[in-house]
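The values are calculated or read from the model by the stated rules, or taken from the named source; none is laboratory data. Fair warning: this is a prediction, and the values are worked out from it, not measured in the lab. Positions of Cβ are backbone-derived with ideal geometry, glycine not excepted, and every protein chain shown enters the neighbour counts. All accessible areas refer to the heavy atoms of the entire protein, side chains included, with ligands and DNA or RNA removed. Shrake-Rupley method; radii C 1.70, N 1.55, O 1.52, S 1.80 Å.
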Amino acid sequence: MTVSLHRLDPTGVDRADLVEFMTRNVFPFHVRPRLTAEDVERAIADGAYRDEDHDSFWLEHDVLGRIGFLRLEDLSDDAPLFDLRLDEPARGRGLGAEAVRAATDLVFGTMPDVHRFEGQTREDNVAMRRTFLRCGWLKEAHYREGWPVAGGQPVASVAYAILRRDWETGTTTPFVWEDLTA
């Protein structure tokens with residue numbers, strides 16, 4: 001079974017499906033877990049799904065059909081980020097790793113100036129953190145109380161990345177966390 005990416009048209013043919021997907025699902029590990037139609041429409045109008053810094057894709061599974069959404073961010077930088085949102089019925093099935101691999105292949109396979117690809121999640125999103133590791137990404141930062149939580153205390157934001165050379169070789173280049181010794 002494989003996951004593929006299909007570029008979506010947020011202002012045209014895919015607009016209604018995008019609004020429906022984003023409002024039908026709850027995304028508990030995002031800063032705004034529940035979006036309204038107005039939120040999504042405003043984001044479309046602001047270019048958050050497609051402009052010089054953003055591009056968006058449907059995640060399509062060869063058996064299950066559409067299983068989610070992927071947005072690339074900071075495309076004008078040489079180290080873009082991504083936003084991954086799986087449809088609620090697709091969660092907990094290991095499909096996140098296939099989606100991250102497909103996104104990584106897209107970025108490094110089509111963007112020759114990109115040398116690193118980044119992602120962040122909350123410290124309590126253990127499934128996503130394990131997904132990063134399964135896909136050869138390396139934890140590079142742990143920002144204490146860096147992720148706001150509506151109605152609650154902030155949690156840590158955890159940053160992961162993969163280098164182009166690691167993607168090319170299938171290895172993960174480690175680094176020393178505590179490089180300064182007393």
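Listed by number, the DSSP H helices of the chain that run 20 Å or longer by alpha-carbon position along their axis and have mean Kyte hydropathy of at least -1.0 are 95-110.
Here, the stretch 64-163 is characterised by an Rg to Rh ratio of 0.97, where Rg is the alpha-carbon radius of gyration and Rh the Kirkwood radius.
The amide H of Arg66, built 1.01 Å from its N in the peptide plane, has His61 as neighbours under 5 Å, considering only residues 5 or more places off or on other chains. Take every pair of alpha-carbon atoms less than 8 Å apart whose residues are at least six positions apart; their mean separation over the length of the chain yields a relative contact order of 17 percent. Binning the alpha carbon pair distances of the stretch 1-130 at 10 angstrom intervals from zero yields the distribution 12, 45, 38, 5, expressed in whole percent. About its Cα centre, the dipole of the chain is roughly 740 debye, where the only charges are +1 on Lys and Arg Cβ and -1 on Asp and Glu Cβ. Quick one: of the DSSP bridges fully inside the chain, what percent are antiparallel, nearest 5? The antiparallel fraction comes to roughly 95 percent. Answer with one residue from Ala99, Pro80, Phe117: the one whose Cα lies farthest towards the positive end of the charge dipole of the stretch 79-143, charges on Cβ with Lys, Arg +1 and Asp, Glu -1. Of Ala99, Pro80, Phe117, it is Ala99. Accessible surface of the chain, 1.4 Å probe: 52 percent of it comes from carbon and sulfur atoms.
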